[in-house]
Amino acid sequence: MRVNGVDLLVRTGGPAGGTPVVLLHGFPFDHTLWDGEFAALEGQFRVAACDLRAHGRSGGAGTPFAFEDLVDDLLGVLDGLGIDRAVVVGLSMGGYAALRFAEREPGRLRALVLADTKSAADTDEGRLARAAGARKVRESGVAAFAEGFLPKALAKRTLESRPAVVAKVRGMILGCTAAGIAGTLVAMAGRTDTTATLGRIRVPTLVVVGAEDALTPPADARALAAAIPGARLVEIPGAAHLPNLEEPEAFRAALLPFLRGA
Ligand code: MLT
């Protein structure tokens, strides 16, 4: 789908009359992060999962962009698919985009799932770490970046005993380019803080987090759930930053009933 001057890969499925659910992956992954959820949902829901700009097989890696462009892209995808109001499911960076979308386009939101994410913008220390990461991936390449990222994203048990999950995550990272990763780091460093919006969210919200997530720890998820009226919080034992891959059954046991009620 051509959106805002960029070609985005958008996978769609499910009945046209089903409740629309849009799945937003984290950084630096792609829409296949959600393969399991896509399969579980497409019998009942109208599902869309895209490679966000500068990720996977979508374009846009070669041009500087702002975090807001990801939100524009989400809006463009909804418009392109003729979807008025969607359930938006976002993991980590996808959750940052979902929260900014909730702030900017509340009327287009039906329900919200926030997985392993937070509302705060980067601290100065975080921004400097993004700059260092961007430099490193440009100098050392994506493979080295992937090996540095895996131990931060996955629980020790996943790393040691789930080689297929490790290979999948590595494969998604290797599917991104150094320019795309560096550009996304710069864009994330410039994103705004959505904390002030949380108390104004009026749609059903599910907050999920891996109990061992070190990148967006359970304390961030608890803060989201406490601030969003009526939000439900589920912590998933044995998982870190990617609970839908690390503990898929527990993740779907939280997600599916929520979506059926949305
Ligand atoms: C992600 O998984 O999207 C990233 O870890 C988010 C971030 O770097 O802030």
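The values are calculated or read from the model by the stated rules, or taken from the named source; none is laboratory data. Keep in mind the model is a prediction, meaning the values are calculated, not measured. With ideal geometry, Cβ positions are generated from the backbone for all residues, glycine too; neighbour counts draw on all protein chains shown. Heads up: the accessible areas ignore ligands, DNA and RNA and are worked out on the full protein's heavy atoms, side chains in. Shrake-Rupley method; radii C 1.70, N 1.55, O 1.52, S 1.80 Å.
Please report the antiparallel percentage of the DSSP beta bridges confined to the chain, to the nearest 5. If I count the DSSP bridges inside the chain, around 20 percent turn out antiparallel. When all protein chains stay in place and ligands, DNA and RNA are ignored, the 1.4 Å accessible-area order of E105, E37, largest first, is E105, E37.
Pairs of lysine residues in the chain that meet both criteria, 8 or more places apart or on different chains and Cα atoms under 20 Å apart, total 4. Between M1 and R170, the contour length at 0.36 nm per residue exceeds the Cα-Cα span by 58.2 nm. Across the protein chains, with a 1.4 Å probe defining accessible surface, the residues D73, D124, D35 rank D124, D35, D73 from largest area downward. If the chain linking R260 and R127 were pulled fully straight, counting 0.36 nm for each residue of separation and taking away their Cα-Cα distance, it would gain 44.0 nm. In terms of its alpha-carbon gyration tensor, region 151-230 comes out oblate; a/c meets the 1.5 threshold, while b/c is at least as large as a/b. By definition, a body whose alpha carbon gyration tensor gives a ≥ b ≥ c is oblate when a/c is 1.5 or more and a/b is not larger than b/c, and region 145-197 fits this oblate description.
Taking amide H atoms as placed 1.01 Å from N in the peptide plane, the amide H of G210 lies under 5 Å from those of D116, I236, each 5 or more residues away in sequence or on another chain. Less than 5 angstrom separates the built amide H of R11 from those of A49, C50, D51, all sequence-distant by 5 or more or on a different chain. Sites listed here are trypsin sites (Lys or Arg not before Pro) in region 17-84 whose DSSP assignment is loop and whose Cβ has at most 16 other Cβ atoms within 10 Å: R57. Quick one: with all protein chains in place, what share of the accessible area of region 2-261 is carbon or sulfur, to the nearest percent (1.4 Å probe)? The computed percentage sits at 54. Between the alpha-carbon centers of region 82-98 and region 103-171, tell me the distance in whole angstrom. Measuring centre to centre over Cα atoms gives 17 Å. For the chain, the per residue solvent-accessible surface stands at 39 Å², with DNA, RNA and ligands left out and a 1.4 Å probe.
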